[in-house]
Each structure stands twice: as C-alpha cells, then as structure tokens.
C-alpha cells in the first residue's frame, strides 16, 4: 500500500502521507490488534501532527497509516464536507499524499469523520475512521484509569447500566443523546465517539471497517466488518433513536439526521440534513425528476 | 460418639492461622475459625484488639501476611487469595457482602436509593427495568424504608435509613455470608434496637451466615450464636455466646463482661 | 424408663481472675441420672449451686471437669465436650430452659414470641398462632396484649409470656429455673398443671423452685445439693 516517496516533487521534504514508515508500521500494528479484539482500546505512540491535539490528530494518524496513492478520501465534520476542520484535513492529505478526494460517500475508499456516520450505507471495502476525543466510556463513572482497565478486563459494566437506570428514573427515558455507549461483539463496552445516538444502529453489522483514533489519549480501537454493536438498554426500555416532526427543509428527507439552523434575527429556524453530501444528492435527484417530467 | 451428630452441612468458611502484620506491629495473630451456613459469629474486643483487621482479611479486602482463608461459594472450599482476582471480585459481589459501619462506605451517595439496589441486580444480569424496580421496592419495604423515597439520593436519608439501605444493598444479591463491622455503631439507641431486630429477622429468614464485629456485648448477645473474644490480636476465648458472656473463663473476658451493665 | 440426662464426676468452680484469682468451688464429683417422665427438683439452701447446675445442664456454664450426657436424637451426647454448633443443635431440638425472665426483643409481639420456636421448627404459621393464643389464654394474659411487644408489659406479664413460649411446644428436656416465682396463685396453679401435663407426655423436667408448695406439688424426686461442694474444700 505504501510507496515510499510520492511523485509530488514539491513535497519531497515529506514522506508520503506525512508520517514516516516506522510510525505507520507502529500505527498499523495497533490497528491490527484493535481489529483482532473488537472494542478493546489499544495504546499507541501518538505523534505530534501539524494540528493541535483535540482536532482529530488520532484520526489523521490512522488515515495517514492507511492511505495509498489510489485511495479516495472523504473527510466530514458534523456530517458536512465543507466545515473548517474537514476542509483542513482534506487539504492536508491532498498535499502530503496527493490522493484524490471526494465529497461523495459512495466514491470514497476512506472516510475520516468527526461526530457523524454518513447517511448513505457504507459498503464492503470502505473504511471509516472516527476522530475520538475521549475513548473511555467509563471515564465519567470511574476516574481511575487503573480501575477502568480492570472493569473492561472483567467485563464489569454494571455501573454503566446503573447510569442508564438513573436516567430512565429521572427523565422517563435514556437521556444520553450522543456518545451513547455500545457493547461490541458481546464483550467490550465502547464509546462510539460523540456521534448522535441516531447513528448507533448504523454501526451494527456494518459491511465497512470502522477504526477509531484518539490522539491526545493515545488509544486506537476498531470494529471489524459485520460485527455486532449493541446500544445498552433495558429489555422493557429498548434503545431508540431521535425522530423529527418535519422533513429536511432542503431535500425533504424523513430518514436522515437533522440539524436545527437559525436563519434570521427574529428566531426563524429550519431543520436540514447534517449530511451535506446526502442532502445535496437528494436535491439533485428531485431536480432531475422535475426536469424529466 | 457425638461426632456423627454434627450436621452434615459443609463449612462455609474456614480460617487457618491467619496473621496480619503491619510492619513490626501485629494486626491479628494466628486466628483460626470455622463458620457453617446459617451461623452468626460475633467478634468482640476493645478498639485495637484486631477485630476489624481480621474482618478485613476475611472479607477479601486485605490479604493476610500468613495463613489461609477458604470460602465455599458452591465449588468446595477455595483459598480466596489464591483464586484469580476476577473470581474473588465476583465472589465479593455475589457470594458475600459487607455492611460497613459508615453507610457512606457501602453506598453510592450520588445514585438514588433504587439505583443503589439496582446495581446489584444488574451485576447479576437483570436487564428488565420494571422488574428491577419491583425487586428494589420490595427490599426497601423489607428494611422499612418508604418506597416513595426510592428515587431520592441516600444523602437525603437519616443515618438509620442509610444503614438500612446499605443492608438492603448487601442482602438483595442473596449472599451466603455477610460481614458486618459495627453495624449499629453510629446510631441512636432507639434506632439501633430497630436495626438489630431487623437484622435478626432477615438473617434468620434468609438463612445466611454472618460475622459481626462489635464492641457492644448486648449486640453480640442479641444477634450471635458464637463469640470470639480478641485481645492484642489474639483470640483469647471462644464458644457459644451465652457461655462466653455468662461464664467467662479468660481474665480479659471477665473484665469485659463485668464492665458492662446487664449485657 | 429411658435415662435422658446422665451426669458423671461433674465438678465446677469459678475462678475470678480480676479479684486476685480467687476460686469458688460449687460442687465436686456430682453424679446423677434423670429419666423421661420425671420431674427432678434440685434442693438446697440459697447459694448451694442449684441454678449453676441447671445452667450447666443447658451448656450455659462450662463444667470444670466431668461429663453431662444429654439425650439428643436418640443418642447420649456429652455437652461438656461437644462442638459449640452441636450444642446449638441440641438446644434447638432437645433441651429448653425456662427462667422467670423474658429476654424481650424490641417490636416483637407476644404472639410472635410464643410461636417463634414452633416456626423455627417448621410448624405451620396458622397452627402455631392458634396454639400460641390458646396458651396465652390459659395463662390469663389479656387478649388485648397479644399483638403488643412484651417490652412494655409488667414483670408478671412478661413472665407468663415466657412460660407460654416454653410450654407451648416443649423440648424433650425442660430445665425450669424458678418459673413460678412471684406469680399469683391462680397462674402458679396453671404452671403446676403445665408441668404435670408435660411430664406425663414423657418429657424430662429438672427444676429449681423457691416455693415449697410448688416443689411438693410437682416433684417426682428431689436431689439435695447441700454439701455437694464439700470434697472441694
């Protein structure tokens, strides 16, 4: 996959895809281990990147370790291809790896994401790389790292379920709406990163490979294709996802995750798809149908 | 000829020559004892006599310097410090329970009373919210806490209620053995009496064994079948509770029993 | 007649370690037997060791030497040397102790106190309640008190609750320590009657009675403990 020196002469001072080959090898070893133990957090030697930690350095390192010259990269932030973080990372890889980039979910071989999973179902052969701010789902319940590792090792996840119990007792339902914890392969409880819980069901038995990188926390974890990912719940309070009363104001979709957008100074607002590629595709479809009619 | 008469049941706990040293100082020395299912053993002695140290060793919190503690959680007697840590943790959560003197040590103060009870059921694998609530409500009633207080945090409870909640949290997982460290310690006398009666009834109804550390001989008299008297880390006298209290043989026990009013 | 209690070479002395280690001999090399259907009354002046002997038969006081064989499930078991848990088992099934004092437990009602032993032995709860009430009635305890905790009762009322709980489902061997002390004549006669019935049902009774009238009314045999400590002096 890796070809030592890229053809890009003006970037000859960098190795292909920025990271040196030794580092990529280290990251790949961590990735292999992560794939072998779905949901388990593998420590890795997170490197300094030309981007502040907390801005997706974990995801970037995984992407850099994966990219080959023929890959097609898509980067999204909150579902959008055109936000600052997504644009910066996309440009970064255009420069240091000169790979083709795209905004079309179906065309990408690697999708790096922050806070969303594309609406269009991912396919076999695709890889989705999540940027992870906090990899430890138990952190809020147990501050000691030593203890959380033991809890994972012995699958002591009762306390996690107690938090859910407390939410149902207080609010009548699970109050967690993003980073909603999941049980991977019936073994490890994992943070799905701060994606809305709307996206949780997409992770279950996904044909694509899911990789997670936390740069600041120096952890990598993974969900291999076709792996069970269950959102924690109670038998009589099953997991549910968000729903909206109105469809997307732009494309009319009733099945996608909507963002609330304030449109004027008088409190006017509308709901539109957070996935810009998906929304744009729907709008084009509608337009072409109207044209052919 | 009387050996055949001992009930056919097997020991639940066997303690062999347990010694716990803190540097040069001895916490407890060469303590041996056996406990059978349904039995209530008291450990009495003054502060610093080693009774709490012994309890910590027995309860799996603090490994002894020497000696063995063997517990039968259904698979025969196993040395609790020789089994793998996850097995021991599992035993600590399901096969036995600890009632601490200070309820704060045994409760999660930031989680509702019902949540405190739910945790034990969830640990056991229960995943039905409604049923968990039902069982928790039933237990609150058994320890005489108004089920209307179920969703309140324990920090809003009185000391006696907190202690009763802690006891419910221990008993709800149906342990075979319960350790209690001065369970009525910080409570008013009237609250103590109510709690003692509750413990007596629960322990008998559930047929669980208990080891109770106390310096209160009246508590020992009311709750325990057998008694160990400890002094300077050693067991100086042991026997049936009424035997030890009514006909003490060791000078220290005689001093202890004569120092209280009508135990 | 079946012997149910056999005492051999029984010696008891108290050593008071906190009073200069003074030794108080009570009796030495005591030997006697009691059979089912007997009511053995222990006799002797105050301080001769009647109550101590009774407590030793119950395993409450430990002998300094000797043997106390008690019939338990058809075998004679030496409670001087048996394991504590065997002794507990013997107390549960074979031997009971009746004093004039009730050990009151807060919040437990009179009926519950009386039926407690039956429940522990597996008697049906309704039947146990019924029998408890009949017994309390016999001992003239007003029915309005039945559902109250005896901790609030007078001394005499508590005493009758205690007698009721001991005789409602008596153990094969009953040890009586002044059960009639301070009872009014009517209730004293009820107790005498209960003792007769229990003995005739084949139980073994050993007792200490202060009241000479009661002694004469119940005793089938008397054991005089006077001078039983002599060999020790």
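Selection of first residues in the stretch C:22-44 that are free of Cβ contacts under 8 Å to residues at least 24 places away in the same chain and of second residues that are outside any strand (DSSP E or B) and surrounded by 18 or more Cβ atoms within 10 Å (Cβ to Cβ), restricted to Cβ pairs under 6 Å at least 6 apart or on distinct chains, gives an empty result.
Considering only the stretch B:90-109, state which residues are surrounded by fewer than 16 Cβ atoms within 10 Å (Cβ to Cβ) and not in a loop (DSSP other than H, G, I, E, B). Give the steps one after another, and end with the answer.
Step one: filter the stretch B:90-109 for residues surrounded by fewer than 16 Cβ atoms within 10 Å (Cβ to Cβ), giving B:102, B:104-105, B:109.
Those that are surrounded by fewer than 16 Cβ atoms within 10 Å (Cβ to Cβ) and not in a loop (DSSP other than H, G, I, E, B): B:104, B:105.
For the stretch C:30-47, the tally of residues that are surrounded by 15 or more Cβ atoms within 10 Å (Cβ to Cβ) and in a strand (DSSP E or B) stands at 9. Note on the stretch A:145-171: among residues that are touching a strand residue (DSSP E or B) at 6+ places or on another chain (Cβ under 9 Å) and under 18 Å from residue B:151 (Cβ atoms), the one that is surrounded by the fewest Cβ atoms within 10 Å (Cβ to Cβ) is A:168. Scanning the stretch B:110-119 for residues that are touching a helix residue (DSSP H, G or I) at 6+ places or on another chain (Cβ under 7 Å) and either assigned to a loop (DSSP other than H, G, I, E, B) or more than 8 Å from chain A (Cβ to nearest Cβ) (or both) returns B:111, B:112, B:113, B:116, B:117. Residues of the stretch B:66-89 that are touching a strand residue (DSSP E or B) at 6+ places or on another chain (Cβ under 7 Å) and either part of a loop (DSSP other than H, G, I, E, B) or touching a residue at least 60 places away in the same chain (Cβ under 8 Å) (or both): B:71, B:77, B:80, B:81.
Checking every residue in the stretch A:80-94 against the condition of being under 17 Å from residue A:215 (Cα atoms), in contact with a strand residue (DSSP E or B) (Cβ under 8 Å, 6 or more places away or on another chain) and assigned to a loop (DSSP other than H, G, I, E, B) gives zero matches. Only one entry of A:104, A:97 meets the criterion of being at pLDDT 95 or above and either more than 14 Å from chain B (Cβ to nearest Cβ) or buried (at least 20 other Cβ atoms within 10 Å of the Cβ) (or both), and that entry is A:104. Evaluating residue B:9 against the criteria (1) in contact with a strand residue (DSSP E or B) (Cβ under 9 Å, 6 or more places away or on another chain); (2) within 13 Å of another protein chain (Cβ to nearest Cβ); (3) surrounded by fewer than 17 Cβ atoms within 10 Å (Cβ to Cβ) leaves one unmet condition, (1).
Looking only at residues in the stretch C:89-101 that are within 16 Å of residue C:162 (Cα to Cα) and not in a strand (DSSP E or B), the one that is nearest to the other protein chains (Cβ to nearest Cβ) is C:101. Comparison of B:124, B:131 shows that the only residue that is surrounded by fewer than 16 Cβ atoms within 10 Å (Cβ to Cβ), within 14 Å of chain A (Cβ to nearest Cβ) and in contact (Cβ under 8 Å) with a residue 12 or more places away in the chain is B:124. Screening the candidates C:86, C:82, C:11 for the property of being within 8 Å of chain B (Cβ to nearest Cβ), at pLDDT below 95 and not in a helix (DSSP H, G or I) yields one hit, C:82. Of all residues in the stretch C:63-79, those being crowded, with 19+ Cβ neighbours inside 10 Å, at the interface with another protein chain (Cβ under 7 Å from one of its Cβ atoms) and closer than 21 Å to residue C:13 by Cβ number 0. Hey, any hits in the stretch B:195-210 for a residue that's in a loop (DSSP other than H, G, I, E, B), buried (at least 23 other Cβ atoms within 10 Å of the Cβ) and either within 20 Å of the chain's Cα centre (by Cα) or within 13 Å of chain C (Cβ to nearest Cβ) (or both)? Taking every residue of the stretch B:195-210 in turn, none turns out to be in a loop (DSSP other than H, G, I, E, B), buried (at least 23 other Cβ atoms within 10 Å of the Cβ) and either within 20 Å of the chain's Cα centre (by Cα) or within 13 Å of chain C (Cβ to nearest Cβ) (or both).
Given the structure, is residue B:218 under 17 Å from the mean Cα position of the chain (by Cα), surrounded by fewer than 19 Cβ atoms within 10 Å (Cβ to Cβ), within 14 Å of chain C (Cβ to nearest Cβ) and under 17 Å from residue B:51 (Cβ atoms)? Taking the combined requirement at face value, the residue satisfies it.
Picking from residues in the stretch A:225-237 that are crowded, with 18+ Cβ neighbours inside 10 Å and closer than 19 Å to residue A:135 by Cβ, the one that is nearest to the other protein chains (Cβ to nearest Cβ) is A:232.
Given A:159, A:164, which one is within 14 Å of chain B (Cβ to nearest Cβ), touching a residue at least 60 places away in the same chain (Cβ under 8 Å) and not in a loop (DSSP other than H, G, I, E, B)?
Details: A:159 fails: touching a residue at least 60 places away in the same chain (Cβ under 8 Å).
Of A:159, A:164, the one residue that is within 14 Å of chain B (Cβ to nearest Cβ), touching a residue at least 60 places away in the same chain (Cβ under 8 Å) and not in a loop (DSSP other than H, G, I, E, B) is A:164.
Among the criteria (1) modelled with pLDDT of 95 or more; (2) within 14 Å of another protein chain (Cβ to nearest Cβ); (3) not in a helix (DSSP H, G or I), the one residue A:128 does not fulfil is (2).
Please pick out the residue among B:245, B:240, B:223 that is under 19 Å from the mean Cα position of the chain (by Cα) and modelled with pLDDT of 90 or more.
Numbers: B:245 fails: under 19 Å from the mean Cα position of the chain (by Cα); B:223 fails: modelled with pLDDT of 90 or more.
On inspection, the qualifying residue turns out to be B:240.
Name the one entry in C:133, C:159 that is touching a residue at least 40 places away in the same chain (Cβ under 8 Å) and at negative phi. Let's see the steps before the verdict.
Working: C:133 fails: touching a residue at least 40 places away in the same chain (Cβ under 8 Å).
Within the list C:133, C:159, the selection yields C:159.
Looking at residue A:180, is it within 24 Å of the chain's Cα centre (by Cα) and within 11 Å of chain B (Cβ to nearest Cβ)?
Details: within 24 Å of the chain's Cα centre (by Cα): yes; within 11 Å of chain B (Cβ to nearest Cβ): no.
It is false that residue A:180 is within 24 Å of the chain's Cα centre (by Cα) and within 11 Å of chain B (Cβ to nearest Cβ).
The values are calculated or read from the model by the stated rules, or taken from the named source; none is laboratory data. Model, not experiment: these values are computed from the prediction. Glycine also receives a Cβ, built like all others from the backbone with ideal geometry; neighbour counts cover every protein chain displayed.
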